[in-house]
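Just so it is clear, none of the values below were taken in a lab; they were calculated from the coordinates. Just so you know, these numbers come straight off a predicted model, no measurement behind them. Virtual Cβ from ideal backbone geometry, glycine too; neighbours counted across all protein chains shown.
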Amino acid sequence: MNRPVLIVEDEADIAEGLRYNLEREGLPVVVAETGEKGLAAALDRANPPCLVLLDLMLPGMSGTELCRRLRREPQTRRTPIIILTARGSESERVEGLELGADDYVTKPFSVRELVARVRAVLRRADESSSPVYEDARLRVDFENMAAVCEGVEVKLTRKEFALLAALARRPGRVATRNQLLDEVWGQQYYGDTRTLDVHIRRLRQKLGPCGEAIETVVGVGYRFTGFSSSDG
Ligand code: CA
């Protein structure tokens, strides 16, 4: 049997709208109205979710607290999480991503867009352990620390490669500035956005035509979009 998508959302209208559309896509759904129920459903060994859609504004246990708990439990550590956040609440979004959410969608959202995000996150969950990222134009070999754009090798410093790898290991997902600083430079660099921005600029330059694979997400961080086959 297919594992369900777990929706943790106290607003019944939104939860039911999501249920209807996901079920229509052939994805079974479980709805929990509180964080506590969501945690229990996520840890249900008989019916573990393939993905959690998590509203951050919940009565009782907050969405961010639930996100933290899910990332701590061995059983749900790798379960993809998409958070639903209020428009304009950048700090909430950043916090959710730093707690380990895979992606976010801002309310009010289009259900079609959300379903597409769910599909994309589920697809990537299968691919994320791969030793190589490859698309129509760009190839990043994590083990051999090699990047090739349109058949030409790109010469990168260790830090530049580490930054590219940190991004390309989560294609389509937003990486916050602090996540990137932590992964590439270590925690003592938290908040040192200048270092990060300088390296991103240099990395984009060196990648030449493939520099577009790195998108700026204003106020949050960067997203590695890569290139679909239709791009080139
Ligand atoms: Ca809510």
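Relative to the present Cα-Cα distance, how much length would full extension add between Arg87 and Arg3 at 0.36 nm per residue of separation? It would help to have the intermediate numbers written out before the result.
Details: separation 84, 0.36 × 84 = 30.24 nm, distance 3.00 nm.
Result for the pair: 27.2 nm of gain on full extension.
Which of Met61, Met145 comes first, and how do the rest follow, when ranked by fewest Cβ neighbours within 10 Å? Present the calculation step by step, with values, prior to reporting the outcome.
On the way: Met61 16, Met145 13.
Ascending Cβ contact count within 10 Å gives the list Met145, Met61.
Does the chain come out rounded, prolate or oblate by the C-alpha gyration tensor, with a ≥ b ≥ c the root eigenvalues, rounded set by a/c under 1.5 and, if not, prolate when a/b is larger than b/c and oblate if not?
Values: a/c = 2.06, a/b = 1.69, b/c = 1.22.
Judged from the Cα gyration tensor, the chain comes out prolate (a/c at least 1.5, a/b above b/c).
How would region 132-231 be classified by its alpha-carbon gyration tensor: rounded, prolate or oblate, with rounded meaning a/c under 1.5 and the a/b versus b/c comparison settling the rest? Numbers along the way, then the final one.
Numbers: a/c = 1.83, a/b = 1.48, b/c = 1.24.
In terms of gyration-tensor shape, prolate.
Please list, or write none, the lysines whose alpha carbon is within less than 19 Å of the alpha carbon of Lys206, excluding same-chain residues fewer than 8 places away.
Of all the lysines, those that pass the test against Lys206 - Cα under 19 Å, at least 8 places apart if same chain - are Lys155, Lys159.
Ranked by Cβ crowding within 10 angstrom, fewest neighbours first, how are Tyr20, Tyr104, Tyr189 ordered?
Details: Tyr20 11, Tyr104 23, Tyr189 16.
Ascending number of Cβ neighbours within 10 Å: Tyr20, Tyr189, Tyr104.
Under 8 Å for C-alpha pairs, at least 6 residues apart: give me the relative contact order for region 132-231, rounded to a whole percent.
Result for region 132-231 is 31 percent.
Specify the angular offset, from 0 to 90 degrees and rounded to the nearest 10, of the alpha carbon long axis of helix 63-72 from the longest principal axis of the alpha carbons in the chain.
So the helix axis and the longest Cα principal axis differ by about 70 degrees.
Assign one of three labels to region 5-128, namely rounded, prolate or oblate, based on the Cα gyration tensor with a ≥ b ≥ c the square roots of its eigenvalues; rounded applies when a/c is under 1.5, prolate when it is not and a/b is larger than b/c, and oblate otherwise. If you can, show how the numbers build up before the last one.
On the way: a/c = 1.14, a/b = 1.01, b/c = 1.13.
The shape class here is rounded.
Using only helices, what value at 222 nm comes out for the chain when you add -39,500 (n - 2.57) per DSSP H run of length 4 or more and divide by the total residues, to the nearest 500 deg cm²/dmol?
Working: 8 runs with 91 residues, N = 232.
Estimated from H runs of four or more residues: -12000 deg cm²/dmol.
Positive end of the dipole of the chain, charges at C-beta (+1 Lys, Arg; -1 Asp, Glu), about the Cα centre: which of Thr106, Thr216, Thr64 has its Cα farthest in that direction?
About the Cα centre, the residue reaching furthest to the positive side is Thr216.
Which whole-number percent gives the relative contact order of the chain, counting Cα pairs below 8 Å spaced six or more residues apart? All intermediate terms of the calculation are to be shown ahead of the outcome.
Values: 384 pairs, mean separation 31.9, N = 232.
After rounding, I find 14 percent.
Tell me the angle of helix 111-127 to the major Cα principal axis of the chain, expressed in degrees between 0 and 90 and rounded to the nearest ten.
Orientation of helix 111-127: about 60 degrees from the principal axis.
Determine the percent antiparallel among the DSSP beta bridges restricted to the chain, to the nearest 5. Could you put the intermediate results ahead of the total?
Numbers: 17 of 34 bridges.
Roughly 50 percent of the beta bridges in the chain run antiparallel, per DSSP.
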